[in-house]
Every structure is written in structure tokens, then in C-alpha cells.
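Written out below as C-alpha cells is the structure these notes cover.
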Amino acid sequence: MDSSRGAPASDPVVARARRRPRHWRDVSPTRRGLVLAWWGFTVTFAGLRLLTWLIHVDAAGVGNVSAGGVHIHHYVWGILLLMAVGALGLVERSPRWRAWMGLAYGVGAALVVDEAASLIDLRDVYWEHYGGVSIAIALIIIGVAGSLLVLTHRQEGPPVGEEVSRGRADSECEE
């Protein structure tokens, strides 16, 4: 008997309530989408910073995307991706698609946020001092979103020691 909880230590309900998801399939579909959005944002932002630095230092084989001599900023691709995710979210609600939409949403958001300073100032300030606004915004989003994902984890089933122990204690008192 687990004296601190009032229920047997081998009780499967108590064991399940104490256990945090350790496998991807144990995570709810909604939370999966949120986690993938966070990962997509974080990894894409880091990759974008590396890629743009390689372009900035003129690394061999790495260059800007242009059309007709006009530089296409990566926030354009982010806006297009966010529009596609939004449209898909209006028609598709399955758990599998929710996870993929979460990942695509995180990638699209990172593409936009990485150039937030350029959008705010409406000129190319990416490598200027003011361009640090984009980095600050992205790091705040990564930190806050990651913290919220960790701190808002809800366990499935009754809270440990609540209904389970009350039900057993009531039945023991009646005997």
C-alpha cells in the first residue's frame, strides 16, 4: 500500500496518473501539433540564421533567391506557408494532419519572424543593429512557447491521490 496516496502502489490507475508520456504516440494529437510547431520554429530559425550568415560571408554555392533581379526575402515564403496551413486547417482536422500542420506552421512562423525587423522598418535591416529585433522576438517566442509546453502538461485520468484514494477509503470505512 502506498501510504502517502492511500492506494496500492500497484494500482494501474495511480501508475498511469503518475506517468508522463514517454513515447510520441502517448502525446495527445493537439499537443503533438503544438510541440512540432515549437520544434519547427526553433530548428528553422536556427537554420535560417546559419544560412543567412553563410550568404553574408559569401560562402561558395550559397546565395539569395531572386526573381527578375529582385531579392525574394524569406518572409514571403513564410507568409505563403502560413496561408497554406490556414487554408488546410479549415478543411482538415485529423490528428495526423494536425501534427503536420503544426510543423509547417512553426516553419512558416520562423520564416516570417526571422525578418520581423525588415517588416517593421520596411527596409532591409537584416545585418544592421536594428536587425537584432528579429533575433530578440524569435528567442522570446522560443522561450515562452517552450516554457508553456512544459508547464501546461495535463495528466490524463484523475489527479494522483484524489478520486482513486477517496473511493478506496470510502469502501474501507463502510466495511
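Derivation of every value follows stated rules applied to the coordinates shown; laboratory data play no part. Being a predicted model, the structure only gives us computed values, none of them experimental. Note that we place each Cβ from the backbone using ideal geometry, even for glycine, and neighbour counts take in every protein chain shown.
The table below gives the values:
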{"item": "Prolate/oblate/rounded label for region 34-153 (Cα gyration tensor, a/c 1.5)", "result": "prolate"}
{"item": "Most to least packed among 37-46, 57-66 [average Cβ atoms within 10 Å]", "result": "37-46, 57-66"}
{"item": "Extension gain, TRP77 back to HIS129 (0.36 nm per residue minus Cα-Cα distance, nm)", "result": "16.3 nm"}
{"item": "Highest average packing first - 106-115, 123-132, Cβ atoms within 10 Å", "result": "106-115, 123-132"}
{"item": "Mean Cβ neighbour count within 10 Å, used as a protection proxy, ranking 86-97, 69-80 highest first", "result": "69-80, 86-97"}
{"item": "Inter-label distance, nm, simple model (7 Å from Cα along the C-beta direction), LEU139/LEU51", "result": "2.2"}
